[in-house]
Every structure is written in C-alpha cells, then in structure tokens.
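Below: the structure, in structure tokens.
The values are calculated or read from the model by the stated rules, or taken from the named source; none is laboratory data. Since this is a predicted model, take the numbers as computed values, not measurements. Virtual Cβ from ideal backbone geometry, glycine too; neighbours counted across all protein chains shown.
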Amino acid sequence: MTTTIGNKVLLTTALLVLSLCTHAAEVDAKRLQGADTESGQWLSTGRTYDEQRFSPLTRITTDNVGQLALTWYADFDTNRGQESSPLVIDGMLYVTTAWSKVYAYDAKTGAPRWNYDPQVAGGTGIKGCCDVVNRGLAAWGNKLYLGAYDGRLIALDARTGKVEWQADTVDQARSYTITGAPRVANGKVFIGNGGAEIGVRGYLSAYDARSGKLLWRFFTVPGDPKKPQENAALERALKTWTGDLFWQLGGGTVWDGILYDPQTNLVYFGTGNGTPWVAEARSPQGGDNLFLNSIVAVKADTGEYVWHYQMTPSESWDFDATSPLMMADLVFNGIKHHTLMQANKNGFFYGLDAVTGKLLAADAFTTVTWASKIDMQTGRPVENPAAHFGKTGQAVAVQPGAQGAHSWHPMSYSRKTGLVYLPMVETVSAFAPDPNYQARQGTANTAMGRAGP
C-alpha cells in the first residue's frame, strides 16, 4: 500500500515537473524557424516567420465541424475594438485587448493565469485615428513583447506577467501611437508606430530583446532638407519631395505589416499615407514622395536599406501599404521566386521578389477606379487622371474608398490549394481638396474639403 502511494506521488511529481518544463520552454531562433513542425502551437502573430497563417491541423473537417461546442470562454473588461491574434505556446494562450492589456489563460481549460495592464492614460486615446486597439504580442526566450498604445515597448515575463523592461519608442510630445504587434528575430524586437494623419514622422525600430536598448532605426520619409539625412536612401528619397510640410509633419508610419525572413535575413515593412493626404498640398511641385505607401526591405542586423517598391506614388486616397505581408515560394513564368505578397488597400494584390523587390504580379481583387492596371514594365499604376482631385480641384468618387479594400485584417495562404484567403470590403469615398487648408499640429491633417451635398 505504501509503495503504491509512493509510486503515485512520484508519478504525480514527475508529471508536474514535466508540465513545468514544457511551460518553461523558451522560444528561440531554432524554434521560431521550425514553427511549422509544432502544429499545435501559434508562436508568432502569423504562426510562422512567413506569416502564412496556415494551420496543418486536420482533426476538424467539414464532416465534423458541426460537432464543435463551447469548451470555455473569458470576458474582457471592455467593449472597445478587438483586433488581436492570440499566441498559443506550450499550453498557454496569450492575448491582447483594447488599451494594450494582456491576458494569459490555460489554453485547455480557460483558467486565468495572469493579466497585465500597462496603465495607458485615457487622454492618449485622442492621439489615434481608429480606436485604442492592439493586434498582439511577440515571444522570445521566456518573454512576451507588447507595443503599448502610448508608444512604449514592454517586455513581460511569460510565466508571471511581470515587467522585465520597458522602452519609450516615440516622442511623447507628438501624436504617436502603437497598435500593431511587434516581431522578433535573432534577439531583436522590431516595432513601428502610427499617427500619420496627425503629423508624425514614421520609422521602424529594432530593440535588443534582452535589455531594451535601441539598436537601429529606419525613417520612412526624409527629415529637414537643410540637415544631413540619416542615410543615403533618405538622401535619394529627398529628391522626390518639394515644399516644407513633409519634414514638418512627416507621415509614412509603419503601423502594422512587418515580416522577418530568415532566408534573406531581411525585415520587410509597409508604410502609410502622407501628411496631409492630398499630394498637392504636401508636395506642391509634385514627386513620388518616397517612402510613403511602399514596402521597404532592410537588413535585420543593421537596418540598412536594401530595396523598396512603392504601390501608390504621389498618393492622395489614404492607401497605406501597411496591410499584412506574407512569404511563399511561387513560380512565375516557369521560374521559382521567393515571393513577398500583399493585398493592398488600393485594391491590387502584389507579388514581389523578396531578394530584389522586382514586381512579379499585380492584379485587382476588387473594383478599382483610381487606376486601370499596374504597368508590369515600370511597376507603376496606370492612373485615372480624374481621380487626382488635388490636381483637378474637382470632387470625385474613388474605389476603393479611404477605408481600403483590405487593411489590417489578416490573410492566409494554403499550401494545399495554392490559394490566398483574405477578407475584403467594397468601399467608395468622395474626395475633394480644401482650398483653405492650413497645416495644424496635434490634429488630423487631410487637406480635404467637402465633396458636395
């Protein structure tokens, strides 16, 4: 009898130790690069570094999906916007909610383990355009990384929710926010920010995952032309701008789509709209306005510029290029390419060579009236002149509208079907210039007027 009890105690202890060891397993480079082999885990916001969001699990089918039933649920303490992709790591589920709060649950039972509130001041809500949302976390080692709405990057102990370190990634005097999920690779945490409508200069930053030290920063629009630019790429970009507003107000924020690719060791990120929206107001003598509305590739170790592709040059319709990015090896004209994909707000779906940035494909996936097609030789859109209301001075209805055909909403690629699945909305917006526009700090700058009754 004593032996049996002893065996039971030993067995229970062994299972407990095994459980603790499993929970304590660190998320490292090897694990993230091999994430596809861990079918029951969701280690990063896109599940794998290629951000395909493809699950190889097969137990749920069209035949038995009707048998699914509620196992557990948890209530959040807010009815504000919810846009987070949860992480599932070693039996734990981690999710963010509005106001950048974090909750940790036992993934099987729903039992709450811990929660963290970064205490974002309520007054910061006015700094953003689109609610106090948050799209998720990044995991590395035994830490979770959170981009808080007020611009802080916060490292949390994944086991307890205790703050390990925090770094202020923005100028608090300006209207910066963070709503996107960080990405992490090789001991670096990559994070952008939002606020282009209100007049901030966009950039992507890399921080040391262990200490929170800033390692490098890539700005997306040039700074004061009277001063040296931060790098040669911005010196070249400066030639695509005119006037003064671009360096006073900025724009081009990196508020969502970021992807790290271990094959190229590059970080790819999308950039947002300019400030103000209307191209003729922010750059009176024309120009493409780099690197607005673009995908930019930089070296993950240093932030050095490698290539860019601009989806919508001289853009006026809020067609950010910040939608989620995705990587896959695809064949074009008989040649396999390591391909970066994006369903852009402007209504076109793009495929780019991940090494060179060469345009491989661009097709409309909804009704598009601002352009008829993308010229595959030049890579530029063939635009409808009437859509450029800043030039014509006339109101115009444009599709997609400013909401975009596809914005922050995740998409997925199936290796079984070879198809991409994405949410899409059909929108139309009326645009007209404001002849009396005056730039203002700390408030929305669109330079748009009334489009009529």
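With respect to (1) crowded, with 20+ Cβ neighbours inside 10 Å; (2) out of contact with any strand residue (DSSP E or B) (no Cβ under 6 Å at 6 or more places or on another chain), the lone exception for GLN377 is condition (1).
Filtering segment 121-178 to residues that are among the aromatic types (Phe, Trp, Tyr) and within 28 Å of GLN441 (Cβ to Cβ) leaves TYR149, TYR176. For segment 321-357, filtered to residues that are farther than 16 Å from PRO262 by Cα, within 20 Å of the chain's Cα centre (by Cα) and free of Cβ contacts under 8 Å to residues at least 60 places away in the same chain, the residue that is surrounded by the fewest Cβ atoms within 10 Å (Cβ to Cβ) is GLY351.
For every residue, the table says whether it meets (1) polar (S, T, N, Q); (2) surrounded by 16 or more Cβ atoms within 10 Å (Cβ to Cβ); (3) more than 22 Å from GLY192 (Cβ to Cβ).
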{"position": "GLN82", "(1), (2), (3)": "yes, no, no"}
{"position": "LEU87", "(1), (2), (3)": "no, yes, no"}
{"position": "MET92", "(1), (2), (3)": "no, yes, yes"}
{"position": "LYS101", "(1), (2), (3)": "no, yes, no"}
{"position": "THR109", "(1), (2), (3)": "yes, no, yes"}
{"position": "GLN119", "(1), (2), (3)": "yes, no, yes"}
{"position": "GLY122", "(1), (2), (3)": "no, no, yes"}
{"position": "CYS130", "(1), (2), (3)": "no, no, no"}
{"position": "GLY136", "(1), (2), (3)": "no, yes, no"}
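Only a single criterion out of (1) over 25 Å from MET326 (Cβ atoms); (2) assigned to a strand (DSSP E or B); (3) aromatic (Phe, Trp, Tyr) is not satisfied by TYR94, namely (1). Restricting to segment 230-264, and then to whatever is more than 17 Å from THR302 (Cα to Cα) and of a type in the set (S, T, N, Q), can you tell me which residue is nearest to the chain's Cα centre (by Cα)? Among them, the one singled out is THR253. If you check every pair at least six apart or on different chains, which have Cβ atoms under 6 Å apart with a residue in segment 35-51 that is closer than 13 Å to TYR260 by Cβ and without any contact (Cβ under 8 Å) to a residue 24 or more places away in the chain first and a residue that is of a type in the set (A, V, I, L, M) and part of a loop (DSSP other than H, G, I, E, B) second? Correct list of pairs: ALA35/LEU43.
Could you tell me which of the residues TYR105, TYR176 is among the aromatic types (Phe, Trp, Tyr) and in contact with a Phe, Trp or Tyr (Cβ under 9 Å, 6 or more places away or on another chain)?
On the way: TYR176 fails: in contact with a Phe, Trp or Tyr (Cβ under 9 Å, 6 or more places away or on another chain).
Unique residue meeting the criteria: TYR105.
When the strands (runs of 3 or more DSSP E) confined to segment 205-320 are screened for residues that are of a type outside the set (Ser, Thr, Tyr) and surrounded by 23 or more Cβ atoms within 10 Å (Cβ to Cβ), those reaching at least 1 such residues are found at 214-219, 258-261, 266-270, 294-299.
How many residues are without any contact (Cβ under 8 Å) to a residue 24 or more places away in the chain and surrounded by 12 or more Cβ atoms within 10 Å (Cβ to Cβ) when one looks only at segment 68-80?
1
Within segment 110-160, the residues that satisfy the criterion of being among the hydroxyl-bearing types (Ser, Thr, Tyr) and over 22 Å from the mean Cα position of the chain (by Cα) are TYR116, THR160. Picking from residues in segment 89-98 that are in contact with a Leu (Cβ under 8 Å, 6 or more places away or on another chain) and touching a residue at least 40 places away in the same chain (Cβ under 8 Å), the one that is nearest to GLU38 (Cα to Cα) is ILE89.
Looking only at residues of segment 420-453 that are at pLDDT 95 or above and among the aromatic types (Phe, Trp, Tyr), we find that the one that is farthest from the chain's Cα centre (by Cα) is PHE431. Selection of strands (runs of 3 or more DSSP E) fully inside segment 348-442 by the criterion of at least 2 residues being closer than 16 Å to ALA321 by Cα and out of contact with any Pro (no Cβ under 9 Å at 6 or more places or on another chain) returns 348-353, 359-364.
With respect to the conditions (1) touching a residue at least 60 places away in the same chain (Cβ under 8 Å); (2) out of contact with any His (no Cβ under 7 Å at 6 or more places or on another chain); (3) among the aromatic types (Phe, Trp, Tyr), TRP241 lacks only one, and its number is (1).
Okay, residues lined up against (1) charged (D, E, K, R); (2) under 18 Å from ALA181 (Cα atoms); (3) free of Cβ contacts under 8 Å to residues at least 40 places away in the same chain:
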residue	(1), (2), (3)
TYR207	no, yes, no
THR220	no, no, no
ASN231	no, no, no
ARG236	yes, no, no
VAL254	no, yes, no
ILE258	no, yes, no
GLN263	no, no, no
TYR268	no, yes, no
GLY274	no, no, no
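Any residue in segment 100-111 that is among the aliphatic types (A, V, I, L, M) and not in a loop (DSSP other than H, G, I, E, B)? Yes.
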